[in-house]
Every structure is written in structure tokens, then in C-alpha cells.
Amino acid sequence: MLSNPLRATTRRLPRSPWLTLWAPLLVLLLSACGPDKNHVRIKGHFRGVNQAEFYLYDEMGSPASFDTIRLDNGRFEIEKEISERRVLNLLFPNFAELSLIAEPGKTIDIEADANKLGEVDIAGSKDNELLTKFRQENVNRTDGDKRLAAADFIRQHPNTVAAQAVFMTYFVKADALQPPAAELLNLMARAQPRNSSMRTLRQRIQPLTRTAPGQPMPALKLTDIYGNHLQLPPVAGRPTLVVFWATWSKNVYGMMRTLRQIHRTYGPRLSMVFVSLDYDLEQCRRRVKSDTIPGHIICDGRAFESPLVQQTGLTSVPTLLMLDEQGRIKARIIETDNLSQEIDRLMH
């Protein structure tokens, strides 16, 4: 009968007093060594919480990558493979986010009060120290003042990944891509030509800057699902609501009911154009018929690859663009919980 050779060998090894004495020190020394040049180590201590679970993700990754982090007695440690400096984000259970800069070969230390994330200390690299200083100096300012300070910070430090983190927080995620966002994006891209995540950010965001509030809607000639021709922006001289939706999105069901009510309220004073991101044209037609959707329906079966979607920089559904009488974008609406009130505000 064959026995496990590893188990047999283990039984014959004598117990070493030297190993017993030095093993704890060896473990300590190994843990004190930094990560290798292809990894970053991130260590954190959150006061005020013992056990919790949240996520670490790379928004510019392809595809975006998520790691689960579990706090034990308020502490965690994780190593992640990276090849260059990148912005990583911590996503907490209440959907609050915290940005940090990961750098190969570095250990990043996070020290925070769980109830005061705006005052967090992140150390371990120059980028994180810059980001921490900016965050703490602006924690009590209004959103508008924070955005002004963010623009100044990016102009002063365009060659840093910290500038990219600030841009993503105060312009991209705040949906504040009106000028000077395009200028700041181009400034960082010129200062960081070899940064792949910066190139990805620019590719994703540039179309959004072209459809930020205040910008003219890109001129497009379209054909609806019934073969009728139309153009955007329309020439009717009245406000237009462009609705990006899809039958596969559960978030559009309640929105469609609200849009029918808005149509009854404003009638011909407000035009509506619905752009479906469905691959199946027949499925789109069935949904339009059953929901009696008011307005022109566009569906080319190409979903996110549609030229219209790519020109507007759309990244999620539902998304709505409100155009004024001159065809300029008045608002981009992503949150639809208070859609009726938002449309009422924009129509007056």
C-alpha cells in the first residue's frame, strides 16, 4: 500500500528548537518586506468599525476588476498585481467611494475614521500624499468650490495620477463635464502620454464633454423603426427630450410610465425621441406597441456600438438629454427617481 511521501517525510523530521525559536521572527521579517515590482500592497485601518466587507476596483481596467476586502478588527491588507501607477477606488456598502493611487512596488497605508472618510490619511507615495492634502483642505467646501479647487489642482499637477483621481471624482462622477473639463482632460493627456489608464479615460470621456450641458447636440440624421426620417437637433423650435433606453433594462419600466404622464402634461410643447439600445429590433417594436411610447423610436440593433450612442458618450441606460429650442443640451439626466419634477423645472 502506497503512502503519501510528503506525510511520511514530515513524520521523520525531528522537531527543531532553532526553527521554533526563529519562526515568528521569520514571519515578521517576511511581512515587513515590500511587494515586488509587479504588485502593490494596500493596508488599511478604519476606526469605528470592526467587521465589514467592501470592494476595491479599477474603473479604467478592461474589463473593470473588483476585489472583495474584509475588515477584521477594523484592519485589512491586500496585494494586487499592477504594471503602472493607477487610480483604484474603494466602494463601501453605503455606496460612498474613496480614491487612492496604486503604484508598483509600494505599500499604501490608509488610516481613517469610518465616519469621516473625507479626512482620511493615505500615505506611501507622493501621489497619495498630494491627493490626501487636497481632500483634507477641501472637505468642508461646497461642491462648486471643490470643483474650482479641483481645476486649479489639475493645472498645477497635470503629470500626476493624483490629478486623474481628482478629475474623475469632481468632474466625471459628479457629471460636471461642461467647460473646463475638456481643457483639463487634454492637459493631463499631454502630460501623461505613456499612461494607459489616462488614454482610456480620455477615450471614454471626450464624447461626454461634447454632450455636456451648454453644448450643441451633435447634428445627426436618423430613421425611426417605421422608416420615417428625422434629424437631431430638430428644427421645430421647441424643447426635445432624447431618451436612451432598452427593453433589457429593468430601470426603464417606471420611467416609461412617468414619460407618458409628462407627454400628457406638455403635449406638443415637448418633443420626445426614444433611442433603443436593443439588438433585437422586433423585441423593441413589441415593447413600443405594448407600452404606447409617445414619440419617435430609433433602434438600429447595434446597442452601444450605435454611432448615435458613441457620439453622445453614453455609458448607461436610462439616460436622458434635454435640448432647448435652439438644440443646445440643457441637462443630462441619469437619476430618474424625480423625473417629473426635473422636467417641470427644465420646461420653465
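Among the candidates 44, 74, the residue that is closer than 19 Å to residue 162 by Cβ, surrounded by 11 or more Cβ atoms within 10 Å (Cβ to Cβ) and of a type in the set (Gly, Ala, Ser) is uniquely 44. Pairs meeting the criteria (first residue in the stretch 137-149 and under 21 Å from residue 121 (Cα atoms), second residue assigned to a helix (DSSP H, G or I) and of a type in the set (Asp, Glu), beta carbons under 7 Å, at least 6 apart or on different chains) are 139/119. Just one of the listed residues (254, 313) is within 31 Å of the chain's Cα centre (by Cα), modelled with pLDDT under 90 and closer than 19 Å to residue 341 by Cβ, namely 254.
Conditions tested, residue by residue: (1) modelled with pLDDT under 95; (2) farther than 17 Å from residue 121 by Cβ.
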position: 45; (1), (2): no, no
position: 49; (1), (2): yes, no
position: 63; (1), (2): yes, yes
position: 68; (1), (2): yes, yes
position: 75; (1), (2): no, no
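It is to be established whether one or more residues within the stretch 222-232 are within 21 Å of the chain's Cα centre (by Cα) and under 30 Å from residue 298 (Cβ atoms). Looking for residues that are within 21 Å of the chain's Cα centre (by Cα) and under 30 Å from residue 298 (Cβ atoms), one finds none in the stretch 222-232, hence no. Got at least one residue in the stretch 132-149 being of a type in the set (A, V, I, L, M) and closer than 25 Å to residue 196 by Cβ? Checked the stretch 132-149: no residue is of a type in the set (A, V, I, L, M) and closer than 25 Å to residue 196 by Cβ. Among the residues of the stretch 246-259, is any of a type outside the set (A, V, I, L, M), under 18 Å from residue 208 (Cβ atoms) and in contact (Cβ under 8 Å) with a residue 60 or more places away in the chain? No, there is no match, as no residue in the stretch 246-259 is of a type outside the set (A, V, I, L, M), under 18 Å from residue 208 (Cβ atoms) and in contact (Cβ under 8 Å) with a residue 60 or more places away in the chain.
With respect to the conditions (1) within 19 Å of the chain's Cα centre (by Cα); (2) within 25 Å of residue 334 (Cα to Cα); (3) of a type outside the set (A, V, I, L, M), residue 245 falls short on a single one, namely (1). For the stretch 238-252, the criterion of being crowded, with 19+ Cβ neighbours inside 10 Å, out of contact with any Cys (no Cβ under 9 Å at 6 or more places or on another chain) and polar (S, T, N, Q) is met by at least one residue. Count of the stretch 186-223 residues, restricted to those that are assigned to a helix (DSSP H, G or I), under 17 Å from residue 176 (Cα atoms) and touching a strand residue (DSSP E or B) at 6+ places or on another chain (Cβ under 8 Å), is 0.
Regarding residue 315, is this residue surrounded by 13 or more Cβ atoms within 10 Å (Cβ to Cβ), under 24 Å from residue 174 (Cα atoms), in contact (Cβ under 8 Å) with a residue 24 or more places away in the chain and out of contact with any Ser or Thr (no Cβ under 9 Å at 6 or more places or on another chain)? Spelling it out, residue 315 is indeed surrounded by 13 or more Cβ atoms within 10 Å (Cβ to Cβ), under 24 Å from residue 174 (Cα atoms), in contact (Cβ under 8 Å) with a residue 24 or more places away in the chain and out of contact with any Ser or Thr (no Cβ under 9 Å at 6 or more places or on another chain). Residue-level check: of (1) surrounded by fewer than 16 Cβ atoms within 10 Å (Cβ to Cβ); (2) among the small types (Gly, Ala, Ser); (3) closer than 20 Å to residue 306 by Cα, residue 212 misses just (1).
Of everything in the stretch 77-112 that is under 24 Å from residue 174 (Cβ atoms) and touching a helix residue (DSSP H, G or I) at 6+ places or on another chain (Cβ under 7 Å), the residue that is surrounded by the most Cβ atoms within 10 Å (Cβ to Cβ) is 100.
Taking the criterion of being modelled with pLDDT under 90 and touching a strand residue (DSSP E or B) at 6+ places or on another chain (Cβ under 7 Å), the only residue of the stretch 297-308 that qualifies is 308.
The values are calculated or read from the model by the stated rules, or taken from the named source; none is laboratory data. All of these numbers come straight from a predicted model, not from anything done at the bench. Methodologically, a virtual Cβ is constructed for each residue, glycine included, from the backbone with ideal geometry; neighbour enumeration extends over all protein chains shown.
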